[in-house]
Amino acid sequence: SEKKVINGIYQERQDAEVALRSWVGARAGMFFLAAEAGSGKTNLLVEMNRQYAERGLDTILLRGNRFRTPNIWEELCYRLNLTDDSSFEDVGFVKYEQENPLMILIDGANENSNSKALFESIIQFLNQHKGGHIKIVLSWRVNTKSELPQAEEKVESIIYSDSKEGNRDEHVIARSCHWLKPLNKVEVEGAWNKYVSDKQDKVRRKPNFSYEELTYHDRSLSDQLDNPLLL
């Protein structure tokens, strides 16, 4: 409804998708996804929401800037039409297991008006419910690691890391987060071709040249298109 996703144009983000699929059976409760503006975080989370549901997992997809409160449990109670005094057990979340978790995807958590409080409430929530039966994918827009939120070392076990070479001098989020890479040339061309071949488009404002032709005539412009928003 926010027009942030163009149906049918999503291009596979192989590295990120593999990490987000393989993470499902882990005991860690948080997958922290970091990327620059326009890198395709929203489209990726929408696609992963579809893939998780296809696997039979229960999913909840939320936008960080639409939270009524910076408290994750209060927000879940509101979204699921529960009373404010509902408990974790009352809700039935106890039925979830490490191999069959509840997947909560929060897109653009940094866009929340009180993102620091929201992040801290998510850490506290997952720390209270360890075991991997509740999993939260958290996307955060940053340009450098210095802009990432920080967490204490004692919560390292709840934050998933697919890196085998994390820098121990960095704080736990900086060394564990998954950076969404720019589109490679194959992915850019794939998205380009999907868009220009869309038979449903009635406006016909599409380019009358191929991505290969653009690369040949203006390499500097084609190199900028590894950012999905610019593309």
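The values are calculated or read from the model by the stated rules, or taken from the named source; none is laboratory data. This is a predicted model, so every value here is computed, not measured. Note: ideal-geometry Cβ built from the backbone for every residue, glycine included; neighbour counts use all protein chains shown. Note: accessible area is taken over every heavy atom of the protein model, side chains too, but ligands, DNA and RNA are not part of it. Shrake-Rupley method; radii C 1.70, N 1.55, O 1.52, S 1.80 Å.
Worth pointing out:
- Spherically averaged projected area of the convex hull of Cα atoms, the range 104-229: 11.6 nm².
- For the range 1-99, a simple Cβ point-charge model (Lys and Arg +1, Asp and Glu -1, everything else neutral) yields a dipole of about 400 debye relative to the Cα centre.
- Convex hull per residue volume in Å³, alpha carbons only, for the range 7-82: 138
- With every protein chain in place, the range 74-231: carbon and sulfur % of accessible area (1.4 Å): 46
- Reported value for the range 69-117: 97 Å³ per residue, from the convex hull of its C-alpha atoms.
- Note that the range 173-228 presents 70 Å² accessible area per residue, ligands and nucleic acids not counted, probe 1.4 Å.
- ³J(HN,Hα), Karplus 6.51/-1.76/1.60, whole Hz, each residue of the range 142-152, x for Gly, Pro: 9, 9, 9, 5, 5, 8, 6, x, 10, 9, 6
- Given (1) 1.00; (2) 1.19; (3) 0.95, the label whose value is Rg/Rh (Cα atoms, Kirkwood Rh) derived from this model: (1)
- Each eigenvalue of the Cα gyration tensor of the range 118-191, multiplied by 5 and square-rooted, gives one semi-axis; in descending order these are 26, 16, 12 Å.
- Taking the protein heavy atoms of the range 1-48 in the context of the full set of protein chains, the accessible area attributed to carbon and sulfur is 45 percent at 1.4 Å.
- Cross-link pairs exceeding 21 Å between alpha carbons, from the set Lys116/Lys145; Lys4/Lys194; Lys3/Lys206; Lys95/Lys154: Lys95/Lys154.
- Close amide H contacts of Leu105 (hydrogens built in the peptide plane, cut-off under 5 Å, sequence separation of 5 or more or a different chain): Ile60, Leu61, Leu62, Val137.
- Helix 41-54 axis, angle to the chain major axis (alpha carbon atoms, nearest 10°): 70
- Nearest-ten-degree value, helix 185-196 long axis tilted from longest Cα axis of the chain: 80
- Against the main long axis of the alpha-carbon atoms of the chain, helix 115-128 sits at an angle near 50°.
- For the chain, the residue among Tyr211, Pro182, Ser39 whose Cα projects farthest onto the positive side of the dipole built from Cβ charges is Tyr211.
- Note on Val196/Glu54: beta-carbon distance plugged into 1/(1 + (r/R0)^6) with R0 of 30 Å gives a FRET efficiency of 0.60.
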